[in-house]
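K.L.:
Quick one: the structure is below, and I'll ask about it shortly.
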Amino acid sequence: MMKRHFLTLSILFLTLLSCKNEQKKEVAVSKKATTETKNAISETKIIPVSHATAVIEFDNSTIYLDPTGTADDFASFKKADYVLITDIHGDHMNLNTLKALELSNSTVIAPEAVAKNLSELKVKEIITINNDETKSFSNFKIEAIPMYNLRKEALKFHSKGRGNGYVLTIANERIYFSGDTEDIPEMRNLKNIDKAFVCMNLPYTMNVESAADGVLAFKPKKVYPYHYRGTNGLSDVTKFKEIIKEKDKEIEVIQWNWYPNRKKE
């Protein structure tokens, strides 16, 4: 009788222990799934297409930045939820490209100088944003940063107030796209930038030395040279990297090839 009672208690104890272990496993699996979900939400992919054109993917949303080229260049991406345009020039606002893309469910965000040229597009909505304005959306925020030339001989290219650079706040990241600019005070005074995409091409924007000097002033965590083709070919982005590394090793310079086919827009 005693043996049978002891056996029953043993079985009961083992059963309870097994249930407790299963509960721990379930909690661990649940925590892991939550962590993976958070990581998935916070992950932002930025894919270079060409020159000033990029695709930004995050949290089931897709942004086309300055889309140029052909519709085929965007065939491997999801349709744009948002199209973000910096300026009126053809390497930023290309009407042929915009008309070729399926944008009926897309919101276009652009400065007034751009927006007034987009009336023929079949899009969901056009939102005008000008220098120093901020717009908030469901899962990101946009700040319009001035972009313009400083050198007397270059003032004809980009006048102050016409185009925008942008700071996108996505999850916990602040991502800066300079647009066509020189190392203006508004860029040098930026704060808490995680990733910066900075132009450098003469005669339209600035040389690599000026670009590096501007970057050293606002100190992003990471900087990516982009928009670096000028009238005399590609700028020396390797030299840009060397200047940054010599003066501030905390800033990581990442070089992407924005001109794989050397195609001309």
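K.L.:
Starting with the highest mean, order 219-231, 118-130, 80-92 by the number of other Cβ atoms within 10 Å, averaged over the residues of each peptide.
P.N.:
Averaged packing, sorted descending, gives the order 80-92, 219-231, 118-130.
K.L.:
List the aspartates and glutamates whose Cα lies under 17 Å from the Cα of residue 191, skipping any in the same chain that are fewer than 8 positions away.
P.N.:
Filter leaves 132, 133, 143, 173, 183, 213, 248, 250, 252.
K.L.:
What number, in nm² with one decimal, is the all-direction average of the projected area of the convex hull of the alpha-carbon atoms of the range 139-235?
P.N.:
Numbers: hull surface 23.9 nm².
So the Cα hull casts an average projection of 6.0 nm².
K.L.:
What is the distance, in nm, between label points placed 7 Å from the Cα along the Cα-to-Cβ direction at residue 130 and at residue 257?
P.N.:
So the two model labels end up 4.3 nm from each other.
K.L.:
When the Kirkwood radius is taken over all Cα pairs of the range 38-169, what Stokes-Einstein diffusion coefficient follows at 37 °C and 0.692 mPa s, in µm²/s?
P.N.:
Reported coefficient: 216 µm²/s.
K.L.:
Suppose each label sits 7 Å from its Cα in the direction of the beta carbon; what would the residue 160-residue 221 distance come out to in nanometres?
P.N.:
3.2 nm
K.L.:
Which value, in Å², gives the accessible area per residue of the range 87-137 when a 1.4 Å probe is used on the protein heavy atoms?
P.N.:
Counting only protein heavy atoms, the per-residue value for the range 87-137 is 53 Å².
K.L.:
May I pose another question? Of all accessible surface on the range 122-227 at a 1.4 Å probe, what whole percent is carbon and sulfur? Working shown, then result.
P.N.:
Working: 2070 of 4380 Å².
Here carbon and sulfur together make up 47 percent of the probe-accessible area.
K.L.:
From zero outward in steps of 5 Å, how is the percent of C-alpha pairs of the range 203-265 spread across the bins?
P.N.:
4, 17, 31, 23, 14, 8, 3
K.L.:
Using the structure shown, select from 79/160; 221/247; 99/222; 116/222 the pairs with a Cα to Cα distance greater than 26 angstrom.
P.N.:
The pairs that break the limit, which is 26 Å between Cα atoms, are 79/160; 99/222; 116/222.
K.L.:
Right, something else. Where in the range 49-63 does the amide nitrogen come within less than 16 Å of the point 7 Å from the Cα of residue 79, taken along Cα to Cβ?
P.N.:
61-63
The values are calculated or read from the model by the stated rules, or taken from the named source; none is laboratory data. Everything numeric here is computed off the predicted structure, so don't read it as measured data. Glycine also receives a Cβ, built like all others from the backbone with ideal geometry; neighbour counts cover every protein chain displayed. Please note that ligands, DNA and RNA were not included when accessible areas were found on the heavy atoms of the full protein model with its side chains. Shrake-Rupley method; radii C 1.70, N 1.55, O 1.52, S 1.80 Å.
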